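For reference, the structure is listed below as structure tokens.
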Number of protein chains: 2
Amino acid sequence: MKTNAINLTEKLAKFSEHWSPRVVAEMNDYQFKLVKLQGEFVWHTHRDTDEVFLVVQGEMEIGFRDRDVILKAGEMFVVPKGVEHITRAKAECHAMIIEPRGVINTGEADSKLTANNDLWI
Amino acid sequence: MKTNAINLTEKLAKFSEHWSPRVVAEMNDYQFKLVKLQGEFVWHTHRDTDEVFLVVQGEMEIGFRDRDVILKAGEMFVVPKGVEHITRAKAECHAMIIEPRGVINTGEADSKLTANNDLWI
């Protein structure tokens, strides 16, 4: 058993790449990942799972085909499975993603932004 | 689909009871619950699942039989399934709990602190 608390700010200080989620914890078969967002991601869908975003610092947007949702620090949102979405951040935003182990960041999309999905930090 | 972000501070302002988790979101068959802790809970175990604590405000302690883990705002910890634990907070602490739907707060323990496990806010 790990014996220390996981400090999100300290973990975020350990990497700088955008759109490259880093796993910080696992709960059963789910992972907690930190990510730095800036600019615009790619439209994609996760067919088999919901996906949670929780903003730690800054502000991001989750775009859907019929609306946008703004998320500020201390706010979270559940993207329902099967719903196409895109993430955006005008200024760098730090967020936590919670989803099952093995989920690919770009979902069903073919993109150069597809990241290694099990990078721990 | 819900269309607004979930603001944790706003949700926390809506209740005051200690040791009474309130569900704010679901992801697949997992729930995100907010809880206000003050004082000492009860020793208990969740036989079938890990349990995550993420501190939003204040400071809490997760006691194990062989050590204590201190959690401050912005810090999280995964209590492994099957491991007996107790939560404590000297001053009121606000935290998020993430675990499967249906988990009872007192686990296997028989306690007057057992709360309704599906109270939404």
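The values are calculated or read from the model by the stated rules, or taken from the named source; none is laboratory data. If you're wondering where the values come from, they're calculated on a predicted model, not measured in any experiment. Every residue, glycine as well, gets a Cβ built from its backbone with ideal geometry; the counts of neighbours run over all protein chains shown.
Annotations for the structure displayed:
- Of the strands (runs of 3 or more DSSP E) entirely within the range A:39-85, those holding at least 2 residues that are in contact (Cβ under 8 Å) with a residue 40 or more places away in the chain and within 8 Å of chain B (Cβ to nearest Cβ) occupy A:51-57.
- The set of residues from the range A:30-82 being of a type in the set (Asp, Glu) and over 26 Å from B:Pro100 (Cα atoms) comprises A:Glu40, A:Glu59, A:Glu61, A:Asp66, A:Asp68.
- Residue in the range B:102-110 that is surrounded by fewer than 17 Cβ atoms within 10 Å (Cβ to Cβ), away from every other protein chain (no Cβ under 13 Å) and under 20 Å from A:Glu99 (Cα atoms) present: yes
For every residue, the table says whether it meets (1) closer than 21 Å to A:Lys11 by Cβ; (2) among the charged types (D, E, K, R); (3) at pLDDT 95 or above.
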{"residue": "B:Asp68", "(1), (2), (3)": "no, yes, yes"}
{"residue": "B:Lys72", "(1), (2), (3)": "yes, yes, yes"}
{"residue": "B:Glu92", "(1), (2), (3)": "no, yes, yes"}
{"residue": "B:Ile98", "(1), (2), (3)": "yes, no, yes"}
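- When B:Ala13, B:Ala5, B:Ala95 are screened for being without any contact (Cβ under 8 Å) to a residue 40 or more places away in the chain, closer than 28 Å to A:Ile70 by Cα and either of a type in the set (Val, Ile, Thr) or more than 8 Å from chain A (Cβ to nearest Cβ) (or both), only B:Ala13 passes.
- Subset of the range B:69-88 (residues that are within 26 Å of A:Val55 (Cβ to Cβ) and surrounded by 15 or more Cβ atoms within 10 Å (Cβ to Cβ)): B:Val69, B:Leu71, B:Ala73, B:Gly74, B:Glu75, B:Met76, B:Phe77, B:Val78, B:Val79, B:Thr87
- The set of residues in the range B:98-108 being in contact with a His (Cβ under 7 Å, 6 or more places away or on another chain) and either of a type in the set (S, T, N, Q) or without any contact (Cβ under 8 Å) to a residue 40 or more places away in the chain (or both) consists of B:Thr106 alone.
- Residue in the range B:48-64 that is loosely packed, with under 15 Cβ neighbours inside 10 Å and more than 26 Å from A:Thr49 (Cβ to Cβ) present: no
- Among the residues making up the range B:1-33, those that are more than 26 Å from B:Ala91 (Cβ to Cβ), of a type in the set (A, V, I, L, M) and assigned to a strand (DSSP E or B) are B:Ala25, B:Met27.
- For the range A:89-101, filtering for residues that are surrounded by fewer than 16 Cβ atoms within 10 Å (Cβ to Cβ) and under 12 Å from A:Glu40 (Cβ atoms) leaves 1.
- Test: residue in the range B:18-26 that is closer than 23 Å to A:Tyr30 by Cβ, more than 12 Å from every other protein chain (Cβ to nearest Cβ), surrounded by 20 or more Cβ atoms within 10 Å (Cβ to Cβ) and within 15 Å of the chain's Cα centre (by Cα): yes
- Hits in the range A:66-121 - residues which are within 12 Å of the chain's Cα centre (by Cα), among the β-branched types (Val, Ile, Thr) and under 21 Å from A:Asp29 (Cα atoms): A:Val78, A:Val79, A:Ile97, A:Ile98, A:Val103, A:Ile104, A:Thr106
- Note on the range A:28-39: residues that are under 13 Å from the mean Cα position of the chain (by Cα) and surrounded by fewer than 18 Cβ atoms within 10 Å (Cβ to Cβ) amount to 1.
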